[in-house]
Amino acid sequence: MKNSKIHENKVNAEVRDFLSLSLVKIFEDECANNRGFIEYDKDNPINWAISDCEMDIIFHQRRLELLKQKQAVIALIKMNGWQEFDVSDWVEKDMHNKYKLAIPFIGTQEEYDNLILELKTT
């Protein structure tokens, strides 16, 4: 089954796709968020310390922003009585090629079990 079809014929399929893609985007943004490195300046250690601290602040501000985004997505998933399920071993990634990961399945345990049963029999 194509990854883009995992929510097909489910209630609020578009919402599920959006939430799944949001989790992928957030994860990849978290991986890309790095602190950076400033070479130590022995001639001006105070300026180096300030620059180093500023790098920490930028890194943690972005980290905080991404954590809040993830918290919001997870809250929306839970509000709908859903969970996130990794189905990457069972589906062919065919959408959003700029992302490395396949989108996860968003749904109930029963919906997930039925999807896996369907994938095993095809």
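The values are calculated or read from the model by the stated rules, or taken from the named source; none is laboratory data. Note that this is a predicted model, so its numbers are computed, not measured. A quick note on method: Cβ atoms are made from the backbone with ideal geometry, for glycine too, and the neighbour counts reach across all protein chains shown.
Considering only segment 21-58, state which residues are closer than 30 Å to Phe85 by Cβ and charged (D, E, K, R).
Lys25, Glu28, Asp29, Glu30
For Ile74, only one of the following conditions fails: (1) without any contact (Cβ under 8 Å) to a residue 12 or more places away in the chain; (2) of a type in the set (Val, Ile, Thr); (3) in a loop (DSSP other than H, G, I, E, B). What is its number?
Going through (1) without any contact (Cβ under 8 Å) to a residue 12 or more places away in the chain; (2) of a type in the set (Val, Ile, Thr); (3) in a loop (DSSP other than H, G, I, E, B) one by one, Ile74 breaks only (3).
Test Arg16 against the stated conditions and say whether it is in contact with a Lys or Arg (Cβ under 8 Å, 6 or more places away or on another chain), of a type in the set (Lys, Arg), assigned to a helix (DSSP H, G or I) and surrounded by 11 or more Cβ atoms within 10 Å (Cβ to Cβ).
Against the criterion (in contact with a Lys or Arg (Cβ under 8 Å, 6 or more places away or on another chain), of a type in the set (Lys, Arg), assigned to a helix (DSSP H, G or I) and surrounded by 11 or more Cβ atoms within 10 Å (Cβ to Cβ)), Arg16 qualifies.
Tell me which residues, restricted to segment 77-98, are part of a loop (DSSP other than H, G, I, E, B) and among the aromatic types (Phe, Trp, Tyr).
Selection gives Trp82, Trp90.
Please enumerate the residues belonging to segment 56-71 that are within 16 Å of the chain's Cα centre (by Cα) and exposed (fewer than 12 other Cβ atoms within 10 Å of the Cβ).
Listed by number, the residues that qualify are Leu64, Lys68, Gln71.
Suppose we keep only residues that are among the aromatic types (Phe, Trp, Tyr) and not in a helix (DSSP H, G or I) within segment 19-62. Which one would you say is modelled with the highest pLDDT?
Within segment 19-62, the match that is modelled with the highest pLDDT is Tyr40.
When only residues in segment 19-40 that are surrounded by 14 or more Cβ atoms within 10 Å (Cβ to Cβ) and of a type in the set (D, E, K, R) count, which is nearest to Ile74 (Cα to Cα)?
Lys25
Please state which of the following conditions Lys93 fails to meet, knowing it meets all the rest: (1) at pLDDT below 95; (2) more than 23 Å from Ser4 (Cα to Cα).
Checking Lys93 against (1) at pLDDT below 95; (2) more than 23 Å from Ser4 (Cα to Cα), the one that fails is (2).
Among the candidates Leu101, Leu119, which residue alone is aliphatic (A, V, I, L, M) and in a helix (DSSP H, G or I)?
Leu119
Got a number for residues in segment 104-116 being in contact with a His (Cβ under 8 Å, 6 or more places away or on another chain) and in a helix (DSSP H, G or I)?
0
For segment 75-90, give me the residue count where each residue is over 18 Å from Glu14 (Cβ atoms) and surrounded by fewer than 17 Cβ atoms within 10 Å (Cβ to Cβ).
Residues flagged as over 18 Å from Glu14 (Cβ atoms) and surrounded by fewer than 17 Cβ atoms within 10 Å (Cβ to Cβ) within segment 75-90 amount to 6.
Any chance you could count how many residues in segment 41-55 are surrounded by 12 or more Cβ atoms within 10 Å (Cβ to Cβ) and not aliphatic (A, V, I, L, M)?
5
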